[in-house]
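Note sheet for the following structure.
Rule-based calculations on the coordinates, nothing more; no lab input. Everything numeric in this text was worked out from a predicted model, so none of it was measured. Note that we place each Cβ from the backbone using ideal geometry, even for glycine, and neighbour counts take in every protein chain shown.
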Amino acid sequence: MAAPKVTYTFGTGRRKTAVARVRMKEGTGRIMVNRREVQNYFPLIQEQEKILAPLRAVNCEGKFDIFVNTDGGGIGAQAGAISLGLARALLKVNPDNEPILREHKFLTRDSRQKERKKYGRRGARRGFQFSKR
């Protein structure tokens, strides 16, 4: 007899240069990020809260096992990408969640990117120190 087929729901999130691919299945509420527990991957509480926020908004905390592969960016950008990917996956599970997720801005991609450095300057906008003499 074959094992029962597990159905996953997918969502992709992006923030700055970070990309997160989120897989969800019904379960006990375990969250794994790059094969590590979320508490080990994100030691700061504010990043953990950012990831769990979409689940709390739709009262689904502890109902899904979540597996995330994330790459690029820093810790904060990866947490933002996971939050967006998780919200998109929750939307696929139950389309009735859209007004709540949209109201809390979980379905809006934060499109801010780093501004490029310009020639003749020390950074994107910072010029060199002016010397009169």
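Observations
- Candidate lysines for bridging to LYS114, where Cα separation is under 24 Å - those fewer than 8 sequence places away on the same chain excluded: LYS16, LYS50, LYS105
- Highest to lowest packing among 14-27, 75-88, scored as the average C-beta count within 10 Å: 75-88, 14-27
- Counting only Cβ charges, +1 for Lys and Arg and -1 for Asp and Glu, the dipole size of the chain around its Cα centre is about 1400 debye.
- Put in order of Cβ neighbour count within 10 Å, fewest first, the listed residues TYR41, TYR119 become TYR119, TYR41.
- Legend: P(r) of the range 62-133 from all alpha carbon pair distances, 10 Å bins from 0, whole percents, reading 15, 31, 23, 13, 11, 5, 1.
- Shape box of the chain [Cα atoms, principal axes, largest first, Å]: 84, 32, 26
- Cβ crowding within 10 Å, taken as a proxy for footprinting-reagent exposure, orders LYS114, LYS63 from fewest neighbours to most as LYS114, LYS63.
- Each of ASN97, GLN39, ALA124 was placed along the dipole of the chain (beta-carbon charges, centred on the mean Cα), and the one lying farthest toward the positive end is ALA124.
- Each residue in PHE130, PHE67, PHE42, PHE10 was given a count of other beta-carbon atoms within 10 angstrom of its own, and listing them fewest first yields PHE130, PHE10, PHE67, PHE42.
- Computed over the alpha carbons of the range 1-51, Rg followed by Dmax gives 13.6, 46 Å.
- Mean residue ellipticity (222 nm) of the chain, computed from DSSP H runs ≥ 4 via -39,500 (n - 2.57), nearest 500: -9500 deg cm²/dmol
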